[in-house]
1. Hey, what angle do you get for helix A:655-666 against the long axis of chain A, alpha-carbon based, 0 to 90 degrees rounded to 10?
2. With label points built 7 Å along Cα→Cβ from the Cα atoms of A:K314 and A:L610, find their separation and express it in nm.
3. Please provide three numbers in whole Å: the alpha-carbon extents of region A:556-624 along the principal axes, with the largest listed first.
4. To the nearest 0.05, what FRET efficiency results for A:A776 and A:D96 with a Förster distance of 60 Å applied to their C-beta separation?
5. Show me the three semi-axes of the equivalent ellipsoid for region A:496-552, from the C-alpha gyration tensor (sqrt of 5 times each eigenvalue), largest first, rounded to whole Å.
6. Averaged over all directions, how much area does the convex hull of the C-alpha atoms of region A:647-739 cover when projected, in nm²?
7. Could you pull out which residues in region A:116-132 have an amide N less than 15 Å from a spot 7 Å beyond the Cα of A:A215, following the Cα-Cβ vector?
8. Once every Cα of region A:89-207 carries one equal point scatterer and solvent is ignored, give the base-10 log of I(q)/I(0) from the Debye formula at q = 0.15 Å⁻¹, two decimals.
Amino acid sequence: MKKMKLVMVGNGMAGVRALEELLKISPDLYEITVFGAEPHANYNRILLSPVLAGEMTIKEIMLNDVDWYEANGIRLHLNKKVVKIDRVRREVVAEDGTVESYDRLLLATGSNPFILPVPGKDLPGVISYRDIADTDAMIEAAKTHKHAIVIGGGLLGLEAANGLKLRGMEVTVVHIMPWLMERQLDRVAAGMLQKSLEDKGLKFALEKHTAELVAGPDGRVAAIKFKDGSELPADLVVMAVGIRPNTALAESAGIYVNRGIVVNDTMQTYDPKIYAVGECVAHRGIAYGLVAPLFEMAKVCANHLAHMGIGLYKGSVTSTKLKVTGVDLFSAGNFTGGPDTEEITLNDPVGGVYKKLVLQDNKIIGGVMYGDTADGSWYFQLLKDKQDVHDIRDHLMFGQNHLGNVGHQGQNKAAQMADTAEVCGCNGVCKGVIVKAIKEKGLFSLEDVRKHTKASSSCGSCTGLVEQLLASTVGGAYQPADTAAKPMCGCTDHTHEEVRAAIRANKLLDHEATYGFLEWRTPNGCASCRPAINYYMLSTWPHEAVDDSQSRFINERAHANIQKDGTYSVVPRMWGGITNSHELRKIADVVDKYKIPTVKVTGGQRIDLLGVKKEDLPGVWKDLDMPSGHAYGKSLRTVKTCVGSEWCRFGTQDSTRMGIELEHDLFGMWSPHKVKLAVSGCPRNCAESGIKDVGVIGVDSGWEIYVGGNGGIRTEVAQFLVKVATHEEVLEYSGAFLQLYREEARYLDRTIHWLSRVGLDYVKKHVVEDAENRKALYARLKFAVKDYADPWRERAAGKVAKQDFEMLSA
Amino acid sequence: MSTTELELPAATQMKKICTLTEIPRLGARVVKTAAHGNIAVFRNADDEVFALEDKCPHKGGPLSQGIVYGKRVACPLHNWNIELKDGCAVAPDQGCVRSFAVQVQDGTVYLDI
Ligand SMILES: Cc1cc2nc3c(=O)[nH]c(=O)nc-3n(C[C@H](O)[C@H](O)[C@H](O)COP(=O)(O)OP(=O)(O)OC[C@H]3O[C@@H](n4cnc5c(N)ncnc54)[C@H](O)[C@@H]3O)c2cc1C
Ligand code: HEM
Ligand code: SF4
Ligand code: SF4
Ligand code: FES
């Protein structure tokens, strides 16, 4: 089949990102041609600031060099400005006469700097700040001239001023408004920013209207005159007073333009063969000037160019981060508030910290942070997810606190860490490596960093630090993902919730049916979605859905935990942590017979046999003749118990018996993630019930039930759910809570992750207040675990999966 | 019938391993060999068969125990994705393990070792 022709005009960040997305999903659909007015391949425009500041070189900020175009079969016309679009013949014409015809045209012409219409604006020495040429001009000027004026106290102007200062010039920033960055900052934060920039040697002339630029004897600009009659010397004037979407080309072709090139939610212009992305477009009346929304547009556009017909761009909320080394500043959303908003502020002028959050209906709608921006990304995430913050309002200001809990020496301010400081304790990745990868490989998202450096890809406790590094390296271009609408994985655009709903509504019982019905992009998923789908089917249709063992992680397939050398560990179940001489003797015999190298008492009150060969597993299980402890599963792990009233002199309740009953009740329960319980016999809480998914504490008059606790990477204290009187009630409430979690949480959510999304009130409503619903939930759980066959016994008897444990020989 | 796209020696000169059905679909079996250590023989959803040294290029994890999808396997230890055809890690990870020619004839799997 003959390929369709795609022509792109504008070789900038948004357009090339759209091509990258397109090549990812549909590499062979188009023959692609690109026109760029600049003589350079694709570079990271936002890093021009560090180039100007002397912190990076042009070479380091290239995103895709010429080889990339060649490798992907893209014809590249550099240094050729397109001057005409002939929509009837479907051709574009460049300045030098080059003609290319198209089936689809993609406009990504970016924007032009706005030039103040004052006398002298065209003098030599007056420039704007947009591309490599401008940056070079500034670097040259700094070598030979002294006085720089930057007109415009916004993001771009301040970054230019900072760079010129570092290059040795005397810099004054002229701004028309009473304070800097008025569109991103409130007055207090702007004041603090100005102070710290003044400490770096910058000067400011606020509320000054430029009247004229005056030439010197050599014809070059020499001074700037203001409307109030005052004057400042100037051998270099940088205009950074805003940008205007570059729409001239589109307009000349009769494509509808209003502020920018008008596009619909699929990034299509009024001519259906012509798409547009980037700063040149106006979407729902808004023209964006930051990278993050442009990347979202690029993704949607690529999807439609690839005829996938899915994905709509619905606009973006943006956040800002100033990329001036040593200045920590963050703002997002509506930070000025309105009649029905509330504000929480923290102001410490001596410590140089200022934070303001604006709330409406218990949701964050905006915020400004200066000095300590560690939690900027977290707030921004809460904002985008529209999460109800009522429950956490008290300590909202003090941040997420998940940064630096364990594993990185309590560090929580990325900017202050040394390059050699370890950020990711799991994979041993230090700050310098991450920053280097972000810059050199042109990374913009957490996912990218995870893929390239492995940082934050294991336990995730350093996610906050990595997000800070991203934010301070690429500025506002970094946008935390919209977790609410995040697709499950690269195989689909559906979210976890959508997939689950479809499995329920359409009674999808096996993988093939699910992938087919939901139009998965891959024939049999990937290692990330397959286990999730398997769980969703099993939990929704117990006893009916097909449990596909090849879609389970090896531990759940082998019913043992794989170790780093490929051997396995075996942890037999000891109900409630109780054992006896008979079991211990069997364990001792097995250890001898199979020469098991390590025997360890686990934190879950049972015994772990480590270093068992896979072939030996069925034999070990047979000789042990004890049930599986599921130490390997996303399932019930242990119910830890204390000694309790049977022996303990403080005990008020028989916690051991309660624990054994719970463990039997929940045996065979698969869940989104592992589930751990504990029961203590009195509030001294020796079984540590406060950090368990379900923690039960005996009191004189009955039992208190706590939920959502977690030890480990980030310690979470369990929250009080209800107090009940009897053992039966403990079983029913705990079971109902866990069933709600099983039915609603995303795969790999621990109870706390899900709980913090839906809120404790929601859980109380369904589990505590609504008795009928509680009973129904509990009944569904009991149905799901009914007749569960112990997997070890089945395999020891050679009934199931025999081949899984046998080696072949050649 | 399925084969890999490598130049194949005649199946008769190769070692007989097992029948196709003895390898689970989207799974693998391990073949113990004297010369090359453990070799993982994979079968995908389309009944294509692949053979790789059972040793992840990252830290030596047993690839045979991973999740097989499409024409790849995800290592069980740290989730690197490895191409079944050539044993090479999917970018940005880097590294390859040895791959072996393998062939199915009349439902029997032959391995070239
Ligand atoms: C110094 C600086 C710092 C910045 N810092 C940040 C930041 O920290 N965070 C952030 O989010 N954003 C930042 N930005 C903004 C960001 O760079 C832009 O939002 C982004 O580059 C816009 O992408 P685009 O593809 O729409 O336009 P561009 O990247 O400008 O690409 C448009 C390209 O099209 C070419 N072109 C135009 N017309 C034609 C034609 N007729 N024929 C051929 N080619 C044509 C232009 O030459 C240009 O190369 C910064 C910008 C600058 C200049
Ligand atoms: C996300 C992070 C975690 C990972 C990757 C992890 C991993 C593991 C692994 C691999 C084992 C099994 C070792 C074996 O083969 O026997 C294990 C066991 C165990 N872990 Fe963790 N763990 C995590 C978090 C936690 C937390 C938060 C706690 C406690 C609060 C915890 C407590 C235990 C206990 C008690 C055992 C013994 C198992 C048993 O008796 O069933 N782990 N963990
Ligand atoms: S929690 Fe109370 S009952 Fe249990 S062992 Fe500790 S002191 Fe005794
Ligand atoms: S058992 Fe848990 S804490 Fe110990 S090394 Fe393994 S994952 Fe880390
Ligand atoms: S050993 Fe395979 S991913 Fe680490």
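1. 70 degrees
2. That separation, rounded to one decimal, is 4.8 nm.
3. 30, 24, 20
4. On the way: r = 74 Å, r/R0 = 1.23.
Taking R0 as 60 Å, the efficiency between A:A776 and A:D96 is 0.25.
5. Details: eigenvalues 44, 36, 19 Å².
Ellipsoid semi-axes (Å, largest first): 15, 13, 10.
6. Averaged projected area of region A:647-739's Cα convex hull equals 5.8 nm².
7. Within reach of a label on A:A215: A:119-126.
8. -0.76
Where a number appears in this text, it was derived from the coordinates with a stated rule and is not lab data. Bear in mind the structure is a predicted one, so any value in this text is a computation, not a measurement. Ideal geometry is used to build each Cβ from the backbone, glycine not excepted, and the neighbour counts take in all protein chains shown.
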